[in-house]
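J.: Below you will find the structure I want to go over with you.
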Amino acid sequence: MSISDQFNKLGLSESLLNQVKEKGYTVPTPIQLQAIPPLLEGRDLLGIAQTGSGKTAAFSLPILELFSRNRQTVKANHVRSLILSPTRELATQIENNIKEYGSGLELSSKVVFGGVGKGPQVDAIELGLDILVATPGRLLDLIDRGHLNFSELEIFVLDEADMMLDMGFLGDVKKVISFLPTKKQTLLFSATMPPAIEELASDLLINPVKVKVNEESSIVDTIEQKIYSLEKSNKGYLLNALLEDASFSSVLLFCKTKFGADKIIEQLEKIPVTCAAIHSRKAQGERELALENFRQGKIRVLVATDIAARGIDIKNVSHVINYNLPEDPKSYIHRIGRTGRAGEKGIAISFYVESEAKMLKNIEVASKQKFTIDSNQPFHKDFSLAAPKTDKKSKGKQRKKNKSKSRR
Ligand code: AMP
């Protein structure tokens with residue numbers, strides 16, 4: 001497969017283009033097309049883009065290109081670039097991509113995150129690194145212990161800025177920034193721009209190139225969405241019934257709480273269905289193993305909470321199931337976007353109980369669509385979609401009506 005002229009014209013070296021080709025990319029994604037040339041010129045960048053847009057390559061390829069053009073012996077405990085990412089999984093994904101794209105360039109990289117021993121991380125940093133990918137907590141810990149010196153930092157990437165905010169990491173991020181030199185090239189990526197991130201971006205970026213792709217409200221049309229209304233007590237039965245269908249081959253199931261996730265796993269193991277859960281109470285090793293097994297098709301159902309799963313790039317998810325609707329309507333778009341990737345077909349099923357009427361309405365507004373309830377499932381229960389707001393008077397009238405109905 002050959003790569004398009006658009007890739008050849010971005011200003012990347014032969015070696016990087018070969019790696020891009022090796023990965024099977026033929027045309028640059030819009031964010032790569034718009035971000036790579038100005039980044040190679042040293043410009044700051046504000047990227048409004050989410051995972052799935054190809055943003056990792058959009059910032060990794062220029063860093064690798066610039067550093068391979070201008071090789072430096074990095075001093076002990078110094079780093080030439082820092083990429084901050086909110087979760088261990090995302091940080092690992094980024095560093096894996098950097099290793100792949102940069103294979104043959106002999107640039108050094110390391111990922112550091114909490115929940116694992118510091119020894120190997122400290123050893124790698126001591127040698128000096130071209131690229132350090134880190135989560136904020138562990139990075140601050142390493143800074144506090146005097147393992148890092150940013151005086152020669154050239155490039156800083158803040159990835160998933162709005163997710164940092166959602167996860168309560170913004171304070172830590174600002175602390176990290178306070179250790180960085182003012183003169184550097186800065187890239188900030190965020191799926192949305194809440195005011196706190198807007199403010200951070202304007203403090204941090206100097207005359208940035210702005211690239212906006214793939215609006216938060218967009219849902220690709222390869223995803224078929226189904227809303228199943230039912231009684232809460234029937235959710236487990238409906239899940240079991242759905243899993244009798246072998247076409248549910250690779251199911252990412254979202255639920256609200258860690259406790260809920262563990263209960264679902266218990267239930268699935270009884271059937272038995274191969275499954276695992278990822279949430280913040282699981283050890284790092286367990287989470288990585290669960291993801292890897294799911295990627296390789298060794299387990300059929302991966303149960304996840306929003307935070308643990310956001311941004312995770314898994315191909316060939318046949319179904320996303322929302323065991324609960326998410327509170328935040330944007331999460332609905334994120335969740336179902338884990339299926340139907342790269343032009344493949346995907347099905348997103350949401351279990352809907354009456355108390356979630358408002359949430360469903362909010363999702364409709366955020367995703368600019370109108371749902372119809374799909375009654376084609378064994379536990380269907382009729383609820384009106386948008387429960388009308390009732391004042392006390394009309395509630396009273398309603399109760400009377402119901403009473404007279406039940407007498408009939
Ligand atoms: P990201 O948004 O960086 O997490 O990337 C999402 C997915 O898109 C990853 O699986 C990448 O390997 C893939 N990808 C990145 N760039 C391209 C491209 N130009 N063509 C096809 N796939 C790509």
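All of the numbers you see were taken from the coordinates with simple rules; none came from a lab. This is a predicted model, so every value here is computed, not measured. Cβ: placed from backbone, ideal geometry, glycine included. Neighbour counts: every protein chain shown.
J.: Of the GluC sites (Glu not before Pro) in the stretch 105-169, which ones lie in a loop per DSSP and count no more than 10 other C-beta atoms within 10 Å?
T.: Details: sites: Glu106, Glu126, Glu152, Glu154, Glu160; in loops: Glu106, Glu152, Glu154, Glu160.
Passing both the DSSP loop test and the Cβ count: Glu106.
J.: What FRET efficiency do you get for Thr26 and Ser233 if R0 is 45 Å and r is their Cβ-Cβ distance, rounded to the nearest 0.05?
T.: Numbers: r = 50 Å, r/R0 = 1.10.
Efficiency computed from Cβ-Cβ geometry: 0.35.
J.: Quick check: residue separation of Asp382 and Lys345 times 0.36 nm, minus the Cα distance between them. What number comes out in nm?
T.: Values: separation 37, 0.36 × 37 = 13.32 nm, distance 2.84 nm.
Stretched fully, the Asp382-Lys345 segment lengthens by 10.5 nm.
J.: Given just the C-alpha atoms of the stretch 5-212, how large is their convex hull per residue in cubic angstrom? Please list the in-between numbers first.
T.: Numbers: hull volume 23.0 nm³, N = 208.
Each residue corresponds to 110 Å³ of Cα convex hull volume.
J.: To the nearest µm²/s, what D does Stokes-Einstein give for the stretch 132-183 at 37 °C and 0.692 mPa s, using the Kirkwood radius over alpha carbon pairs as Rh?
T.: Numbers: Rh = 11.6 Å.
Taking Rh from Cα pairs, D becomes 283 µm²/s.
J.: Please state, rounded to one decimal and in Å, the Kirkwood hydrodynamic radius that the stretch 1-76 gives when every pair of distinct Cα atoms enters the mean of 1/r. Working shown, then result.
T.: On the way: mean 1/r = 0.0768 Å⁻¹.
This gives a value of 13.0 Å.
J.: Could you pull out every residue, at least 5 positions away or on a different chain, whose amide H is within less than 5 Å of the one on Ile299? Hs are placed 1.01 Å off N in the peptide plane, and Pro or chain starts have none.
T.: Long-range HN contacts for Ile299: Phe294.
J.: What share of all Cα pairs of the chain, in percent, falls into each consecutive 10 Å distance bin?
T.: P(r) over the chain, rounded to whole percents: 4, 20, 28, 24, 14, 6, 2, 1, 0.
J.: Can I ask one more? Just subtract the alpha-carbon distance of Arg145 and Ala76 from 0.36 nm times their residue separation and send over the number in nm, one decimal. Numbers along the way, then the final one.
T.: Numbers: separation 69, 0.36 × 69 = 24.84 nm, distance 1.48 nm.
In short, 23.4 nm is gained.
J.: Counting C-alpha atoms alone, how compact is the stretch 78-126: give Rg to one decimal and Dmax as a whole number, in angstrom.
T.: 11.1, 31
J.: Restricting things to alpha carbons, find the Rg to Rh ratio for the stretch 223-385 using the Kirkwood radius for Rh.
T.: Values: Rg = 14.8 Å, Rh = 15.8 Å.
Across the stretch 223-385, the Cα-based Rg/Rh ratio is 0.93.
J.: Then there's this: Alpha carbon centre of the stretch 258-297 versus the stretch 343-360: separation in Å?
T.: Each part reduced to its Cα centre gives a spacing of 21 Å.
J.: Okay, next question. May I ask for the Rg/Rh ratio of the stretch 207-311, computed from Cα atoms with Rh as the Kirkwood radius, given to two decimals?
T.: Result: Rg/Rh = 1.04.
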